[in-house]
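Notes for the one structure printed next.
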Amino acid sequence: MRWRARLATAAAVLLGLVLLAGCWDQLGISDRATALMVSVAWHPSRRSDWTFYFPNPTVTVNSQSQIKSTQQLYTVAVAADSWASAERAAQRLLDRHLYLGQLQVILWSSNLPAQAVTTLVDAYNRQGITSKVAYLGVARASSLPDLLQASPQEVVPRLKWQHIFSCGPCEAIHLSETFWHVWDDVHTPGMSPVVPYITTTGALGHIAVYGRQGPAVIFTRRQTLGWALLTSRVTREVLSLSRGTAHYALTSVHGHATTHVAWAGGRLSVQAHVVMRGALAQAPYGTAGRPSEIRAIETATARMLLADCQAAVRQANAQHVDPFGYARTLLFEHPQWVDHPPGGGWSSVPSHVAFTVSFNLTTPGVTS
Amino acid sequence: MNQPVEPISSGQYFWIIMVSVVAGSVYLWPAYVVRLAGTGAYASLLVATGVAAGITLLQAAWMRRMAYRPYAAAMKATWSPWLGPVLTWVTMLLMLALDAAVLYLYGELLQTFFYPATPSWVTVGAIGVLAVWIAIRSLTVVARNVQFWFPLLLASFVLVLALATGDMRFPVAATPNLGVPMASLARASVATWFLYANPCTTAALMPHVRRTGRWRAGTVALAAIALEGLILFSILYTALATLGPAVIPDMTWPIIYMFSLIHISSFFVQDVGMLVLITWTIAIILHLAVHSYVAAWNVGPPVGGYNPRRQYLVAGLGFAIVAGALSVGSVAEAKVWLFQILTPVDLGWTVAVVPATALLAWWRTRRATAHG
């Protein structure tokens, strides 16, 4: 009897071990359609256009040289009014199981209103298996198809945009945002979510900021630089400066901002101290070695950056958005204000920001 | 039929106490406490850990006074031959109900993050079978299993937590808030208790710890509780600094979500999902194994090395947990049961019975000494 009991126990344990592997979810790789990108083009009067991008399964190491870059991805386009119905509609057009666990990039059109953004990110976030580290981007609806074409620079399953967003040294200003950052920002009081905006030429360099309602507020290049200075996101920017007839170029411009936020006089009062440094890469021959000249360049650069910071804050206040997260910082420090904000909500509160910008210049190179 | 129990070392006792608290259910935490107390949740953690430490000390003192006799016998001697087992049964049944809720939620977690197409009864049942398989063995085998696996699990958990610190966005959000109303703090402290609820494992196994070690069993148990408190503190800090106090309350499994954000740029390893899955599943199997083992030990036949009746009882208790887990309807229902009904009841029961037991034992021995 004893050995029979042992056999039964062993069989039960083996069954348990096998079942713990989740047999129902076992699918061959050829039975899965792994989406790498999704784009959403919003239309005010009809359902949005959703396009799922999949890697062409015939791309192998051997076939790479024969397959054109335009054939590396195939798409499934559907019209749907929600994430769930888009998934279902795409699944109908696929002969394999749609899988979103490896999604790398989600792009949506810049006309997508803020409420729709909230609905979209919430629906995506509710699912446990979707990738929360996918990168987000905003572009004009008309330019989405061109932007998402496979690039000859990359071979699937790597994507151009995934590479651009994850390439630290490629970014002069750190603009890339992962999905979960934006979802977290959407639901954290005192913060207007920020998503990088891609121009029609396919360049990064702007941000799209979402207020409580309406489409994204697109910051200009200058306002974006000011925002980046105030949020310590400038990592290796290049600046040009003219003084009279002399032209200068500064490289490796980077630094950080220290911020103190308080509630004073019925508005957010912010003291921001931006400390930047950079290297002089171009100057009229023989002038860069003079300390007085260096000081003058430093002052002029600091003044230029100060104006950028002011432009960013002015735009944020005019549009009633807070892409800097100043109110969020204050609410983290005073959690009781989340439910009882001093002086009514945050969205209409203009920030009063007092800046100091300092700039330190180094003069590397073989000539002065 | 009964053989003497082979004692366990104080090291094994330490790991068993560690796995009997926190390990099985920490994945649910800290969403509910952050909802109640925001960044004041640290204080509730401190209170719950303090209560757990106090209960541990009282159980150790009671066992010392009872001359380290087996738990069931000690309860009978302290209360009465019929009241002792009744109190023990109530404690064990509360534990089974808590474990059932925890196991159900774990099954839902696996389905949400790892196996969307696999029915959750499959994973819940498989975990139950494996837990029973370990728990029907002798104390030494259970102890050795825990001693082998738990340090590995702890190490991998610490590794994953260390990787998760790379995603911390706003340390200022994790600053403790001292202005939380006392009522919210008290409710959050109560809600934290389920992590520390164990079926008197500290007292039940204390008589079987080898007393040749450097440390007394009570000190070892206290150290285990303190270490668990430290782990919970690190989890709370990392979660608050990563996600912020605004979104954590609305998440069902904030820690798993946080771990799903870890992305490693290396050729072989990119995500730590598999590590988290294996670590947590083994942790919950060991957690349930220790609980059903100790519960059967406390309410079952007289303690012995091998006793088939005890094995049946362990299997019965283990499968009762699985049956309880399978009878839960939804995640929302399980959370209400866990946080709003079972945990407060278990805390009230523990805080009433354990000190009363210790006091009564003290009073009885004092009277016996006075008479003697």
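Coordinate-derived values only; no laboratory data. As the structure is a prediction and not an experimental result, all values here were calculated from the model. So basically every Cβ, Gly included, is an ideal-geometry build from the backbone, and we count neighbours across all protein chains shown.
How far is helix A:221-230 tilted, in degrees, relative to the longest principal axis of the Cα atoms in chain A, given as a value from 0 to 90 rounded to the nearest 10?
Between the helix axis and the principal axis of chain A, the angle is about 90 degrees.
Shielding of B:113-126 by partners, i.e. mean partner chain Cβ atoms within 10 Å per residue?
What the average comes to for B:113-126 is 5.
Write down the Kirkwood hydrodynamic radius of the stretch B:10-358, to one decimal in angstroms, obtained as one divided by the mean of 1/r over all alpha carbon pairs.
Computed over Cα pairs of the stretch B:10-358, the Kirkwood hydrodynamic radius comes out at 20.4 Å.
Among the aspartates and glutamates, which fall within straight-line cross-link reach of B:Lys335, defined as a Cα-Cα distance under 13 Å, with same-chain neighbours fewer than 8 residues apart omitted?
Cross-link targets: B:Asp99, B:Glu108, B:Asp250.
Cysteines without a disulfide-compatible partner in the protein assembly as shown, using Cβ under 4.7 Å as the rule?
A:Cys23, A:Cys309, B:Cys200, each lacking another Cys Cβ under 4.7 Å.
To the nearest 10 degrees, how steeply does helix A:2-20 sit against the main Cα axis of chain A, on a 0 to 90 scale?
It is inclined by approximately 40 degrees.
GNM on chain B, C-alpha springs below 10 Å: top fluctuator among B:Leu261, B:Leu317, B:Leu236?
Residue with maximal mean-square fluctuation among B:Leu261, B:Leu317, B:Leu236: B:Leu261.
About the Cα centre, and with charges only on the beta carbon of Lys, Arg (+1) and Asp, Glu (-1), how big is the dipole of chain A? Nearest 20 debye, please.
Dipole size: approximately 360 debye.
Sketch the reach of a paramagnetic label on B:Trp363 as a point 7 Å from Cα along Cα-to-Cβ, and name the residues of the stretch B:81-95 whose backbone nitrogen lies under 19 Å away.
Answer for the stretch B:81-95: B:81-88.
Using Cα pairs closer than 8 Å and at least 6 residues apart in sequence, work out the relative contact order for chain A, in percent.
With pairs under 8 Å counted, the relative contact order is 13 percent.
Using +1 at the C-beta of Lys and Arg and -1 at the C-beta of Asp and Glu, which of B:Ser20, A:Leu15, B:Gly329 has the Cα lying farthest in the positive direction of the dipole of the protein assembly as shown?
The Cα lying farthest towards the positive end belongs to B:Ser20.
Between the DSSP loop rule and a limit of at most 12 other Cβ atoms within 10 Å, which trypsin sites (Lys or Arg not before Pro) in the stretch A:6-54 are left?
Answer in residue order: A:Arg46.
Assuming R0 = 51 Å, what is the FRET efficiency of A:Val13 and A:Asn56, from their Cβ-Cβ distance, to the nearest 0.05?
So, using R0 = 51 Å, E works out to roughly 0.70.
Under the definition of partner shielding as Cβ atoms of other protein chains within 10 Å of a residue Cβ, what is the mean value for peptide B:159-169?
Whole-number average of other-chain Cβ neighbours for B:159-169 is 1.
Helix A:114-126 sits at what angle to the longest principal axis of chain A, using alpha carbons and giving 0 to 90 degrees rounded to 10?
Roughly 40 degrees, rounded to the nearest 10.
Who wins for biggest fluctuation among B:Leu178, B:Leu45, B:Leu243 in a Gaussian network model of chain B, springs between alpha carbons below 10 Å?
B:Leu178
Given Cβ point charges of +1 (Lys, Arg) and -1 (Asp, Glu) and nothing else, what value in debye, to the nearest 20, does the dipole of the protein assembly as shown about its Cα centre take?
Around 1880 debye, computed over the protein assembly as shown.
State, to one decimal in nm, how far the label point of B:Ser265 lies from the label point of A:Ile67, with both points 7 Å from Cα in the Cβ direction.
Between B:Ser265 and A:Ile67, the simple spin-label model gives 2.5 nm.
So in chain A, what percent of DSSP beta bridges are antiparallel if you round to the nearest 5?
60
What length, rounded to one decimal in nm, is gained on full extension from B:Val336 through to B:Arg64, with 0.36 nm per residue of separation minus their alpha-carbon distance?
Taking 0.36 nm per residue and subtracting the Cα distance, the gain is 94.1 nm.
Please list, by residue number, everything in the stretch B:80-94 whose backbone N is under 15 Å from a paramagnetic label point 7 Å out along Cα→Cβ of B:His371.
B:80-81
Between B:Val90 and B:Ala53, with labels modelled 7 Å along Cα→Cβ, what's the label distance in nm to one decimal, could you check?
About 2.9 nm separates the two model spin labels.
Restricted to Cα positions, what overall size does the stretch B:207-335 have along the principal axes? Three whole-Å values, descending.
53, 45, 35
For a label point 7 angstrom out from the Cα of A:Val338 toward its Cβ, which stretches of the stretch B:25-65 have the backbone nitrogen within less than 19 Å?
Zone members listed by number: B:28-46.
What are the chymotrypsin sites (Phe, Trp or Tyr not before Pro) within the stretch B:197-272 that DSSP puts in a loop, where the Cβ has at most 11 other Cβ atoms within 10 Å?
B:Phe267, B:Phe268
May I ask you to list, by number, the DSSP H helices of chain B whose Cα span along the axis is at least 24 Å and whose average Kyte-Doolittle hydropathy reaches -1.0 or more?
Going by DSSP H runs, the hits are B:41-65, B:83-113, B:139-164, B:217-243, B:273-299, B:308-326, B:343-371.
At a Cα cut-off below 14 Å, give the aspartates and glutamates reachable from A:Lys68, other chains included and same-chain residues fewer than 8 away excluded.
A:Glu154
Find how many whole Å separate the alpha carbon centroid of the stretch A:349-368 from the alpha carbon centroid of the stretch A:229-256.
8
Please report B:Thr238, B:Thr201, A:Thr60 as a ranked list, fewest other C-beta atoms within 10 angstrom at the top and most at the bottom.
Arranged by neighbour count, lowest to highest, B:Thr238, B:Thr201, A:Thr60 become A:Thr60, B:Thr238, B:Thr201.
What percent does the relative contact order of the stretch A:27-187 come to when contacts are Cα pairs within less than 8 Å and at least six residues apart?
25
Would you look at the GNM of chain A, springs on alpha carbons closer than 10 Å, and say which of A:Ala300, A:Ala272, A:Ala141 moves the most?
So, out of A:Ala300, A:Ala272, A:Ala141, the one fluctuating most is A:Ala300.
Quick check for me: using +1 on Lys/Arg Cβ and -1 on Asp/Glu Cβ, what's the dipole size of the stretch A:233-362 about its Cα centre, in debye to the nearest 20?
Rounded to the nearest 20 debye, it is 320 debye.
What is chain B's relative contact order, in percent, from Cα pairs under 8 angstrom and six or more apart in sequence?
Once divided by the residue count of chain B, the mean separation gives 41 percent.
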